[in-house]
Amino acid sequence: MTKTFEKNEKRIEQDIIALSAIIDSVAPGYTRRPFTKWHLESREWLIREMKNCGLDVRIDAASNLIGKRQGVNPELPPIMIGSHTDSVVGGGRFDGIIGVLAGIEIVRQLNEKKIELAHSLLIVDFTAEEASEFGISTIGSRGMVGNLTEADLGRTNAEGLPLRNALKVAGGRPDDLETEALKVGDISLYLELHIEQGPVLEQTQHELGVVTGIVGIQRHKVVVEGQANHAGTTPMHMRFDALPAASELVLALEEVANKTYTEQVVGTVGRMFVEPNGANVIPGRVVFDFEIRSLDPHALDQMVEYMKNKIAHVETSRKVSITMNQLSHSDAIIVSEDVVQGVEKSCQRFGTTLRLPSGAGHDGNQLAKVAPVGMIFVPSKNGKSHCPEEWTDYAEVVKGIQALGTALLSFDKALSV
Ligand SMILES: [Zn+2]
C-alpha cells in the first residue's frame, strides 16, 4: 500500500462548507464563539465525524474535544494534531477549523490505506483558542498543560459567569484540571495546520509555510503628561503639548521596528487616548499602548531600550513627563531544527515551501510547555484573516493536509526508535 496522502479535495471542501455553516446567524461574518450553542453544535458535528472514522472520543477536564486512534506500541506517548473551531466575532471560514478537519481527514486516509502508526494519534479541537470574554486566549490548551490558575478560573464574562462554570458548559471538569494536566513526556509531538493569517506566503508565491517559531510579545503602556490649555491664546513656544510628544514616540517605534535584526520584528501603536480630546484644547495628557513582537528576545529588549532613551530625550526637549510600564509579555516559542526540517521535507513534496515565523499566538504556545511542536501554514488570500473575506483555496488546504499527514508518518517512524 502506497504511503502517500490523496488529494480528496471534494471531501475537504464539503467538510469546510458544512462546519463553517454552523454559526451565530445574528452576529456578523462567521461567528462561532466558545461556550455558545453554535460552538456546541459544531462539536456535535465533529464528534459524529470523529466517530465515523473510528476515533475514541472524549472531552478532557479543560473541555477540549479529543479523538484517539490507538497506536501499535502503547508505550509510546501519543502524537497530537489539533486546532480550534471557535472564532472571533465576525471571523472567517478557515481559521482553526482546517486544522481540526485536517486531523480527521488524515485519520480517514490512514484507515483507508490500513496504515497503523506506532504512536497513538490524538485529534484535538481546543476550546476557546481566540481571545475570549474572560480576557485570555488559548483557554483549552492552557488547561490541558496545567496552565489555568485559580485566578484564571475565577475570571468572569460580561454576564458574570466565571470561567470555571463556562468550562462545565462545554463538558469540562475544572476540579480535575490539576490531576489531568499533561506533563513533559506525556506527548511525543504536537502538530498543527493553520492558515497563515498574513500576506507573506502569497506575496512570495509559496504554497506551504514551515513555522520556525511563534513570536514573543511585549506590551507597554506610555503616559505622556503635558499641560492642557487654550488652543487659541497659548503661543506655540509656551505650550507643553502631550500629543506631539507622543507622536514622536509613535514614529520612534516605527523607526526602531524598521531596523534590521537577525529575526523579523514588528512594532505597533494600536490604541491611543488623547485628553481632554477637544478640537480647541491643547492635549494635556496622552495614553497609548505599544506592542512589539519577535522570535528574538534580544531584539525586543533592544527596542525597549531604544524607546526608553527616546522617552528621556522627548521629556527634556518638550518639557513633558513620560512614564512607560510593561503591561504583559509572552515568551517566543522556537520550533526545534529537527522538527522544522522534518516538516519542511514533507512540505516540499507537495509544494513550494518557505520557512517563516508565526506572528500570531496559537495553541502551540501552550503545548510547547510539554512537547516539541511543529506547524504548517497555508496561504491567506490578500493576507486577510479574522474577517469574513478570509480565504484559502481548497487545493491549498489539501496540500497542507497532505504535508501534515506525511510529516506525521515520518515523525511516527523517527520517534519510535
Ligand atoms: Zn486560529
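Summary table
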item: Count of residues meeting criterion [outside any loop (DSSP other than H, G, I, E, B) and within 16 Å of the ligand (Cβ to nearest atom)] in region 43-79; result: 2
item: Residue match in region 80-98 (condition: part of a loop (DSSP other than H, G, I, E, B), of a type in the set (F, W, Y) and within 16 Å of the ligand (Cβ to nearest atom)); result: yes
item: Among residues of region 344-377, those that are away from the ligand (no atom under 12 Å from the Cβ) and not in a loop (DSSP other than H, G, I, E, B), counted; result: 15
item: Residue list for region 28-37, filter: closer than 17 Å to L161 by Cβ and either surrounded by fewer than 24 Cβ atoms within 10 Å (Cβ to Cβ) or aliphatic (A, V, I, L, M) (or both); result: R33, T36, K37
item: Inter-residue pairs, beta-carbon under 9 Å, first at positive phi and at pLDDT 95 or above and in region 84-96, second near the ligand (Cβ under 9 Å from one of its atoms) and not in a loop (DSSP other than H, G, I, E, B), 6+ apart; result: G96/S83; G96/H84; G96/H194; G96/I195
item: Within region 167-201, tally of residues that are buried (at least 18 other Cβ atoms within 10 Å of the Cβ) and either away from the ligand (no atom under 16 Å from the Cβ) or of a type in the set (S, T, Y) (or both); result: 12
item: Strands (runs of 3 or more DSSP E) (entirely within region 187-271) containing at least 2 residues that are farther than 21 Å from E315 by Cβ and without any contact (Cβ under 8 Å) to a residue 60 or more places away in the chain; result: none
item: Breaking point among (1) within 16 Å of the ligand (Cβ to nearest atom); (2) over 17 Å from the mean Cα position of the chain (by Cα); (3) among the small types (G, A, S), for S120; result: (1)
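The values are calculated or read from the model by the stated rules, or taken from the named source; none is laboratory data. Computed from a prediction, not measured in an experiment: that's the story for all the values here. When we count neighbours, we look across all protein chains shown, and the Cβ atoms used for this are built from the backbone with ideal geometry, even at glycine.
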